[in-house]
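J.: My structure is below; once you've seen it, I'll send some questions.
All of the numbers you see were taken from the coordinates with simple rules; none came from a lab. As the structure is a prediction and not an experimental result, all values here were calculated from the model. Cβ sites come from the backbone with ideal geometry, for glycine too, and all protein chains shown count toward neighbours.
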2 protein chains.
Amino acid sequence: MELDIPTRFERDWDRTVEDAPLRFAVVGLGGFARNTALPAIADSDYCETTAVVSGSPEKADRVADEFDAAYALTYDEYADGVGADAYDAVYVVTPNALHLPHVETAAELEKDVLCEKPLEATADRAERLVAVCEDAGVSLMTAYRMQTARSVRWVRRLIDDGVVGDPVQVHGEFSFRLLEQGGPDQWRIDSDLAGGGALMDIGVYPMNTARYVLDADPVAVRATSHATQPAFDGVDEHVAFQLEFPDAVTASCTASFNAASASRFAVTGTEGRIVVDSIFGVDDERRITVETDGGRTVVDAAAPNEVTEEFDYFATAVLTEMDLEPDGRHGLTDVRTAEAVYESSETGTRVEL
Amino acid sequence: MELDIPTRFERDWDRTVEDAPLRFAVVGLGGFARNTALPAIADSDYCETTAVVSGSPEKADRVADEFDAAYALTYDEYADGVGADAYDAVYVVTPNALHLPHVETAAELEKDVLCEKPLEATADRAERLVAVCEDAGVSLMTAYRMQTARSVRWVRRLIDDGVVGDPVQVHGEFSFRLLEQGGPDQWRIDSDLAGGGALMDIGVYPMNTARYVLDADPVAVRATSHATQPAFDGVDEHVAFQLEFPDAVTASCTASFNAASASRFAVTGTEGRIVVDSIFGVDDERRITVETDGGRTVVDAAAPNEVTEEFDYFATAVLTEMDLEPDGRHGLTDVRTAEAVYESSETGTRVEL
């Protein structure tokens, strides 16, 4: 098969957007919000930040200043609807177990919601989060960056076009040393706030990317997880999980909060193979290697920040009534799968989904 | 840590060998024997082929001619000890389920044995194979090429030296399209002769290489295997298995007889990462990437054919009483692990070893 290699990846979902910008309240001002999401919104075509929400009034003021947001709100003020006329949508970027109350507020205020992954700390809470948005008739997107990265979208199209034949085996790896970025006292390794450890925060990347590029959901999971260091008591420091998809396809995935940086995704099919190395980090280079009977092609096509893409994708969906692919139910499937991973690890059995 | 990168890999087991050559009877003259093993013996420092054994007298004659072997024997003649004075050791390279009788003959004849992997088609038969050699006091080596590939031996030394810190997660992939190399009527997919499918023939490469470079044996396995095509009825066309090693280390491995060529091995540790791509094929290039906090190093150091190395390693061990690392008990562990893989796949449970 002849490969159609773009010199520059374009938005395959681009369309005319009227009524932009979509005005955001950004709920939660941790490192990812300040360093990545707010700059991405500022760089976007269709979005702007008009309110920022934090537990710390000082931080809210400072960030509102920096990003030119009209409202600096506390969580209580946000819950009370202060300044709600100033924004159209809510981006929830708090610890996982706080997503539900903030999404409930958004739904009450009839705001569309972009919610960070994983959707919540438990499947039960994620289910309620999805239901509250459905009941209120607001849009809900789970913030899977890989699904708006143009390069990863291209990989998905190649697979859908049959470039690798029928997919057979996927491998995904994502690891880094978390404790070097914030020490042992952080919510990502607090079981109550995160719902787990490496799996919930970074294991969901290979998990969701496998689902995305295969356009399929796992039917069963086998897994093992470990914590060897006191800092990871009660959560998974390391996790290895094997997803079983329909048609005999498997995805062998690992994630670790205490290993050297790895960020790789590979799909081997009956007729070829696609490897993206590195893939999951915001700044990863996404070098795509496509191997088929026709030869080997390495693609380093330019692609912009997928977080900017994510916000514009969400805004386009909301403003033009385009379907949101990673919607609430899609995100819920990952939380259910994550719970199955933990169950499999605990019970030593294959857990069906 | 400063990396000591050889410009050329040397034999780390080299020593003075007297009484060479070690004279071999090569039992089984399939494609690997004719195209790879016999030329490797001819290229070796310490080995020569003095007898060849086949079910076909014509083939035995032809191959004996080509490789200058004094004896061309049928299996019956070999079993009767014809020409046994002409050889010192036996290389068994028949279908897996025929290893045992040929090794029994070798043991009776007091010949040392180099036996192809996997050692036999079942753990029970592999156990008997090992016992018969132990009882006869002959040396037995399982022919794991990766353990004599200088490049892979170097990777093991790096890991042993702590270059990646404590190993955490291993990924291994080995696949190719078997049916393009011999069609559906071949012993590698005959359950009785092979003991299984992709796992027994090629899945043992990532399995054994993980054991080798980690210098550890798995304590449990979780696995799934599938056959989607009629040609693979009764054996695994695809297999995905997760090995659990001591100290929370996992190896996520896949093998397939019906997927595009993949041949890759990666070890991620707490302090770094080593990737070998490609690794398991005889002609693979073994590009070694070492990533540590000190940077990224790609090594393409020259290394000779590991099959030649394998024969010289075996000869050196036998002639100098050097310990054989991949001995019979070592090879038996893989057959037991393979049976655990199949059991886990069938029962949906974690199987302890």
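J.: How would the range B:72-129 be classified by its alpha-carbon gyration tensor: rounded, prolate or oblate, with rounded meaning a/c under 1.5 and the a/b versus b/c comparison settling the rest?
T.: Prolate, because a/c is 1.5 or more and a/b exceeds b/c.
J.: Give the Rg (one decimal place) followed by the Dmax (whole number) of the range A:174-227, computed from C-alpha coordinates and expressed in Å.
T.: 13.2, 37
J.: Same structure again: What percent do you get for the relative contact order of chain A when only Cα pairs under 8 Å and 6+ apart count? Don't jump to the answer; show the numbers that get you there.
T.: On the way: 803 pairs, mean separation 71.1, N = 353.
Computed value for chain A: 20 percent relative contact order.
J.: Provide a whole-number value for the mean count of partner chain Cβ atoms within 10 Å of the Cβ atoms in peptide B:166-177.
T.: Values: counts 3, 1, 12, 12, 2, 10, 2, 6, 0, 6, 0, 4.
Across the residues of B:166-177, the mean count of other-chain Cβ atoms within 10 Å is 5.
J.: Further question on the same structure: Would the range A:252-307 count as rounded, prolate or oblate if I go by the C-alpha gyration tensor, calling it rounded below 1.5 in a/c and otherwise prolate when a/b exceeds b/c, oblate otherwise?
T.: Values: a/c = 2.81, a/b = 1.36, b/c = 2.06.
Judged from the Cα gyration tensor, the range A:252-307 comes out oblate (a/c at least 1.5, b/c at or above a/b).
J.: Return the average number of partner chain Cβ atoms within 10 angstrom of each residue Cβ along peptide B:259-266.
T.: So the per-residue partner count for this stretch is 6.
J.: While we're here: Quick one: Debye curve from the C-alpha atoms of the range A:126-220, no solvent, what's log10 I(q)/I(0) at q = 0.10, 0.13, 0.22, 0.24 Å⁻¹?
T.: -0.40, -0.65, -1.19, -1.24
J.: Then there's this: Restricting the count to DSSP beta bridges whose residues both fall in the protein assembly as shown, what percent are antiparallel, rounded to a multiple of 5?
T.: 60 percent
J.: Related question: Inter-copy label distances at A:D323, 7 Å along the Cα→beta-carbon direction, one decimal in nm, shortest first?
T.: Taking the point 7 Å beyond Cα along Cα→Cβ, the inter-copy spacings are 6.2 nm.
J.: With r defined as the distance between the Cβ atoms of B:R157 and B:E18 and R0 fixed at 22 Å, what FRET efficiency is calculated, to the nearest 0.05? Write down the numbers at each step before the final one.
T.: Working: r = 27 Å, r/R0 = 1.24.
Approximately 0.20, to the nearest 0.05.
J.: For the range A:250-348, how big is the tail of P(r) above 21 Å, as a whole percent of Cα pairs?
T.: I get 58 percent for the Cα pairs in the range A:250-348 exceeding 21 Å.
J.: Based on the Cβ-Cβ distance of A:A42 and A:D247, what FRET efficiency does E = 1/(1 + (r/R0)^6) give at R0 = 51 Å, to the nearest 0.05?
T.: It comes out at approximately 0.75.
J.: Kirkwood hydrodynamic radius (Cα pairs, Å) of the protein assembly as shown?
T.: Working: mean 1/r = 0.0368 Å⁻¹.
Hydrodynamic radius (Kirkwood, Cα pairs) of the protein assembly as shown is 27.2 Å.
J.: Can you tally the net charge around A:D14? Count Lys and Arg as +1, Asp and Glu as -1, for every other residue whose Cβ sits under 11 Å from the Cβ of A:D14.
T.: Computed value for this residue: -2.
J.: For the range A:22-143, what mean projected area does the convex hull of the alpha carbons give, in nm²?
T.: 6.4 nm²
J.: From the helices alone, meaning DSSP H stretches of at least four residues, give me the mean residue ellipticity at 222 nm for chain A, per-run term -39500 (n - 2.57), in deg cm²/dmol to the nearest 500. Before the final figure, lay out each step's value.
T.: Numbers: 10 runs with 107 residues, N = 353.
Calculated from helices alone, the mean residue ellipticity at 222 nm is -9000 deg cm²/dmol.
J.: Let me ask something additional. When N is the residue count of chain A, what does its C-alpha Rg come to as a fraction of 2.2 N^0.38 Å?
T.: The reported ratio for this selection is 0.97.
J.: Take the Cα coordinates of the range B:24-96, assign each an equal point scatterer, and use the Debye formula without solvent to give log10 I(q)/I(0) at q = 0.15 Å⁻¹.
T.: Log-scaled intensity ratios, in q order: -0.39.
J.: Follow-up. Points 7 angstrom from Cα along the Cβ direction at B:D124 and B:E285: gap in nanometres?
T.: Simple spin-label model gives 4.7 nm for this pair.
J.: Along Cα→Cβ, 7 Å out, is where each label goes; now give me the distance between the ones at A:R62 and B:E10 in nm to one decimal.
T.: Result: 5.8 nm between the two label points.
J.: Taking K and R as +1 and D and E as -1, what net charge do the other residues with C-beta under 14 Å from the C-beta of A:A64 add up to?
T.: So the surrounding residues net to -3.
J.: Putting +1 on Lys and Arg Cβ atoms and -1 on Asp and Glu Cβ atoms, find which of B:P101, A:V130, A:L114 reaches farthest to the positive end of the dipole of the protein assembly as shown.
T.: A:L114
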